[in-house]
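Please treat every number below as a calculation from the coordinates, not as lab data. What you see is a predicted model; the values in this text were computed from it and never measured. Here Cβ is always computed from backbone atoms with ideal geometry, including for glycine, and neighbour counts include all displayed protein chains.
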There are 2 protein chains.
Amino acid sequence: MIRIDYTNVMAETIGERDGILREELLSFRHFVLETHALIQKEKEKKFYFAKLPYQDVEDLKILAEEIRSKFEYFVLIGIGGSSLGTEMLFESLKDLNHNIFDKPKFFIMDNVDPDKINSILERIDIEKTCFNVISKSGTTVETIANFGIILKILKEKVGDRWNEHLIFTTDPEKGFLREFGRENNIKTLDIPKNVGGRFSVLTPVGIFPAAVMGIDVDQILEGAKKMDLICSVEEHVEHNPAYLIALTHYIANMRRGKSISVMMPYSEKLSSFVDWYRQLWAESLGKDGLGQTPVKALGTVDQHSQIQLYRDGLRDKIVTFIQIEKRDIDFKIPEDIPESIHYLSGHTLHEILNKELLGTKAALIKSKVPNITITLDKITPYNVGMLIYLYEMATGFSGYLYKINPFDQPAVEEGKNFTYALMGREGYSQKLEEFEELYKEKYKIEIQ
Amino acid sequence: MIRIDYTNVMAETIGERDGILREELLSFRHFVLETHALIQKEKEKKFYFAKLPYQDVEDLKILAEEIRSKFEYFVLIGIGGSSLGTEMLFESLKDLNHNIFDKPKFFIMDNVDPDKINSILERIDIEKTCFNVISKSGTTVETIANFGIILKILKEKVGDRWNEHLIFTTDPEKGFLREFGRENNIKTLDIPKNVGGRFSVLTPVGIFPAAVMGIDVDQILEGAKKMDLICSVEEHVEHNPAYLIALTHYIANMRRGKSISVMMPYSEKLSSFVDWYRQLWAESLGKDGLGQTPVKALGTVDQHSQIQLYRDGLRDKIVTFIQIEKRDIDFKIPEDIPESIHYLSGHTLHEILNKELLGTKAALIKSKVPNITITLDKITPYNVGMLIYLYEMATGFSGYLYKINPFDQPAVEEGKNFTYALMGREGYSQKLEEFEELYKEKYKIEIQ
């Protein structure tokens with residue numbers, strides 16, 4: 001179950017300066033109807049992610065079971081859209097300290113940070129490790145660099161059968177990984193043509209590693225399917241959760257100056273959901289001088305860090321809380337604690353957590369900070385699947401509101417090209433000249 | 001060594017619309033001189049953190065060594081200013097996957113999230129665990145709730161000597177922890193009176209756990225001392241690194257509309273430095289409708305997530321990069337890799353990481369996004385000490401620029417009071433009525 005409570009973004013709760021009028025929401029009725037029809041037509045192309053809940057994953061599950069029984073360590077080599085979704089599934093749906101005692105131990109080599117790569121290499125046994133190398137294009141610098149290092153170590157440590165320790169996930173036809181996989185008989189999984197990185201968590205990019213980690217991927221897809229059904233049927237903004245999230249954020253941003261979208265789960269496990277959301281929201285909508293800046297926060301921790309600012313700083317924020325209604329495990333504060341803290345007795349941690357959320361919401365209402373609460377009855381693969389699809393569709397719909405293409409990321413290329421030039425890649429000498437023209441180090445302070 | 005390069009916030013690099021003129025910086029000369037004198041006078045009170053580098057920590061180190069040899073698990077119970085600093089020291093200065101094989105294993109019970117607390121309890125052996133309970137006031141709800149649970153488990157599992165598994169860190173005289181510690185003969189460390197939570201990392205709050213984890217705390221204090229010496233002597237904004245960081249951010253915010261301060265280390269280890277910075281910047285300066293929103297990012301990972309937005313979204317950001325110049329461990333991309341990725345051969349991960357940073361900086365310059373680069377020659381306790389003090393002083397100085405008190409957090413109380421009311425604490429019945437008046441759940445969508 002998923003519930004979206006948007007009472008606290010409404011003008012009747014927080015006033016017209018910061019809140020949204022119901023008439024205002026309803027004035028988008030025709031726009032929503034038209035856009036809804038367009039989206040249904042785009043499901044074979046741009047909105048292809050909407051097809052993913054219906055895919056057949058039986059072969060993926062069989063392969064995952066094989067890997068799970070054969071290896072003790074599973075390392076994902078991938079970055080951005082190739083790792084954030086999987087990281088979210090792992091952290092949401094496995095124990096928070098899984099890697100200390102449980103198997104297969106799971107690591108992500110995303111960054112090219114030697115400290116991180118070394119720390120992982122120190123802790124795995126190469127002979128018992130499967131590496132899943134993920135890149136749609138097959139050319140991502142970080143992924144290929146880390147793969148190059150691992151390839152050498154694999155050949156040294158396991159000899160001829162090195163290719164059995166590798167699984168690639170990439171474009172179905174082209175690119176370096178596809179070709180190298182073909183030449184070397186490496187099991188290679190397909191990323192469907194029409195799905196971009198940040199919308200790819202429900203392809204083999206996320207589904208396969210999740211299955212290896214023993215997560216019920218059928219249930220993730222079931223949840224996504226349910227959300228797709230709702231979003232396909234409900235044409236009214238007050239009944240379609242994805243359009244509602246998109247519209248409330250759009251109005252808050254463009255008409256009330258809420259240029260920051262804070263997402264603050266009251267759950268450690270869901271904190272990585274925000275990292276996934278950050279990419280989705282920022283890379284899809286941060287274009288043409290528009291788009292909100294997504295900000296990650298965590299309850300209750302950030303009550304002690306960010307709430308001062310949210311209540312009393314610039315009035316530029318809309319906050320989305322995520323709340324968990326029930327938990328399998330809970331802890332009760334004992335009766336025999338000292339008098340001065342006795343008001344806590346008999347309450348459980350779960351209760352305190354959710355009452356702190358309520359207290360924080362009331363404080364935000366009082367400061368007229370618009371906020372939405374998404375409640376999951378429990379953290380389950382089904383609910384996480386609903387949540388993923390909900391935000392993918394909200395992002396896709398937002399593209400129409402902002403009149404931008406949410407599926408490209410043109411501003412990312414420039415930095416890559418400068419990096420290629422600095423690495424001495426062929427064909428980039430002009431870019432190197434441009435770099436030298438632009439980049440100076442003139443104003444500095446140095447302290448030994 | 002620490003180096004601050006602010007070339008790319010200057011108008012001559014990115015233009016006057018987004019950049020700062022040198023005259024503009026220098027026009028604050030008199031203000032800086034006057035404020036500098038005020039700060040020197042305040043070192044016994046508000047700026048007491050400036051005294052901390054000079055404290056004697058010999059007794060703390062002896063106690064830490066004793067704990068380190070006696071216990072296999074060390075659990076910090078504390079939240080916000082009582083945990084973020086220590087988490088930063090641990091993650092910056094110990095291996096990223098320390099807890100998998102190394103000892104003492106270190107955990108933080110900050111949140112009241114049952115999933116987190118359960119995950120930790122599942123992985124520790126209570127009989128071999130020392131709990132360090134940290135709260136200045138001794139009344140922090142999360143800390144006291146988690147302590148209540150641990151106290152019961154301790155009494156059950158280790159019997160009469162339960163108090164030997166506890167160390168408190170709190171106010172030198174009053175509060176629940178101080179009294180309970182006195183009554184039960186629990187070793188209790190002092191948090192100096194004039195230091196608030198977010199400025200307390202260099203008190204026993206951070207120094208003691210760091211020493212237990214085997215971190216060279218003398219070197220941390222040495223670094224902080226060096227930075228204090230520089231900041232105490234340099235009265236000129238172009239030579240005082242703390243004033244420079246404060247002023248560039250202030251001008252960027254108030255005169256160029258940069259209401260977001262992104263901090264983006266190109267180092268996994270330093271990513272927790274940003275969590276500490278977030279609290280410092282937000283809670284100190286987010287007041288009276290003013291203050292920047294601090295945003296955490298990580299290179300290169302967020303190049304694949306946030307750079308699209310930073311370059312092409314709203315022009316509301318100033319970015320601080322943190323770069324590491326040298327590393328003890330590095331990995332070279334082998335020579336015998338396939339032709340199409342051969343441009344990577346011979347480069348190391350460290351090189352690629354820093355070239356990606358340069359590429360990203362050039363791309364930001366091209367989009368006229370102001371950015372500062374802080375370079376550490378290495379990640380050492382000394383350099384981390386410098387960095388901590390640098391940002392504490394920059395924050396303190398910023399208070400004068402914004403004309404607000406950076407040492408209080410008045411807007412945090414409201415949420416706490418509502419929570420107390422919801423927990424049925426005595427004396428809060430009026431607050432409960434206020435809550436019921438404010439809080440409604442009227443507009444909802446629910447999906448099963």
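Each of B:Met423, A:Met88 was scored by other Cβ atoms within 10 Å of its Cβ. Arranged with the fewest first, they read B:Met423, A:Met88. For the peptide B:264-272, the mean number of other protein chain Cβ atoms found within 10 angstrom of a residue's Cβ is 3. Ranked from largest, the principal axis spans of the Cα set of region B:392-436 equal 41, 16, 13 Å.
Close amide H pairs (under 5 Å, H built 1.01 Å from N) link B:Leu189 with B:Phe168, B:Thr169, B:Thr170, residues at least 5 positions away or on another chain. Among A:Asp59, A:Asp216, A:Asp110, which one moves the most in a GNM of chain A with springs linking Cα atoms closer than 10 Å? In this elastic network of chain A, the residue with the biggest mean-square fluctuation among A:Asp59, A:Asp216, A:Asp110 is A:Asp59. The phi-based Karplus calculation (6.51 cos²θ - 1.76 cosθ + 1.60; θ = phi - 60°) puts the 3J(HN,Hα) values of region B:418-435 at 4, 5, 3, 4, 5, 8, x, 6, 4, x, 10, 5, 5, 5, 5, 4, 4, 4 Hz, whole numbers, x for Gly and Pro.
Sort B:8-19, B:60-71 by the packing proxy (mean of other Cβ within 10 Å over each peptide's residues), most packed first.
B:8-19, B:60-71
Normalising by residue count, chain A has a Cα convex hull of 201 Å³ per residue. In the protein assembly as shown, helices alone account for a calculated mean residue ellipticity at 222 nm of -14500 deg cm²/dmol, with every DSSP H run of four or more residues adding -39,500 (n - 2.57). With N counted as the residues of region B:41-192, its alpha-carbon radius of gyration over 2.2 N^0.38 Å works out to 1.06. Counting Cβ atoms of other protein chains within 10 Å of each Cβ in B:95-106 and taking the mean gives 4. Distances between placed amide hydrogens fall under 5 Å for A:Gly196 paired with no residue 5 or more residues away or on another chain.
Sum up the charges of everything whose Cβ sits under 10 Å from the Cβ of A:Phe49, counting Lys and Arg as +1 and Asp and Glu as -1, but leave A:Phe49 out.
On the way: positive: A:Lys43, A:Lys46, A:Lys51, A:Arg198; negative: A:Asp228, A:Glu392.
The answer is +2.
When the Cα centres of region A:232-260 and region B:106-131 are compared, how far apart do they sit, in Å? Cα centres, region A:232-260 to region B:106-131: 40 Å. P(r) tail for region B:186-286: Cα pairs beyond 20 Å make up 56% of the total. Region A:137-210 and region B:372-448 have their alpha-carbon centroids 43 Å apart. Sorted shortest first, the separations between the A:Asp190 label point and its copies elsewhere in the assembly read 7.2 nm; each point sits 7 Å from Cα along the Cα-to-Cβ line. Between A:Ser367, A:Ser119, A:Ser272, the residue with the greatest mean-square fluctuation in the GNM of chain A (Cα pairs under 10 Å linked by springs) is A:Ser119. Ranking B:Gly313, B:Ala362, A:Phe90 by how far each Cα lies toward the positive end of the dipole of the protein assembly as shown (charges on Cβ) leaves B:Gly313 at the top. Among B:Gly81, B:Gly148, B:Gly196, the largest mean-square fluctuation in a Gaussian network model of chain B (Cα springs under 10 Å) belongs to B:Gly148. Debye sum, Cα scatterers, region B:248-352, no solvent: what log₁₀ I/I(0) at q = 0.10, 0.11, 0.20 1/Å? Here the Debye-derived log intensity ratios amount to -0.40, -0.47, -1.05.
P(r) for region A:315-448, from all Cα pairs and a bin width of 5 Å, is 2, 7, 9, 9, 10, 10, 9, 9, 9, 9, 8, 5, 2, 2, 0 %, short bins first. Just add up the charged neighbours of A:Asp113: K/R +1, D/E -1, any other residue whose Cβ is under 10 Å from the Cβ of A:Asp113. Residues near A:Asp113 contribute -1 overall.
Which residue, B:Gly81, B:Leu244, B:Ile186, has the largest displacement toward the positive end of the dipole of chain B when charges sit on each Cβ (Lys, Arg +1; Asp, Glu -1)? After comparing all options, I get B:Leu244. In this assembly of identical copies, the label point of A:Glu44 (Cα plus 7 Å along Cα-to-Cβ) is separated from its counterparts by 8.2 nm, sorted shortest first. Shown in residue order for region A:378-392 are the 3J(HN,Hα) couplings computed by the Karplus curve 6.51 cos²θ - 1.76 cosθ + 1.60 at θ = phi - 60°: 8, 8, 10, x, 4, 5, 5, x, 4, 4, 4, 5, 3, 6, 4 Hz (x for Gly and Pro).
A point 7 Å from Cα along Cα→Cβ stands in for B:Ser429, and the other copies hold the same point at 8.6 nm, listed in rising order.
Peptide A:276-282 has a mean shielding of 4, counted as Cβ atoms of other protein chains within 10 Å of each residue's Cβ. Using only alpha carbons, the protein assembly as shown has a radius of gyration to Kirkwood radius ratio (Rg to Rh) of 0.94.
Residues whose amide H falls under 5 Å from that of A:Met109, counting only those 5 or more places apart or on a different chain, are A:Leu76, A:Ile77, A:Gly78, with hydrogens built in the peptide plane. Contact order for chain B, expressed relative to its length and based on alpha carbon pairs under 8 Å spaced 6+ residues apart, stands at 21 percent. Using every Cα-Cα pair within region A:132-250, state what percent have a distance larger than 23 Å. More than 23 Å apart: 46 percent of the Cα pairs in region A:132-250.
Across region B:118-135, rounded Karplus estimates of 3J(HN,Hα) from the backbone phi angles (6.51 cos²θ - 1.76 cosθ + 1.60, θ = phi - 60°) give 5, 4, 6, 4, 5, 10, 10, 10, 3, 5, 10, 10, 9, 10, 9, 8, 10, 7 Hz, Gly and Pro being marked x.
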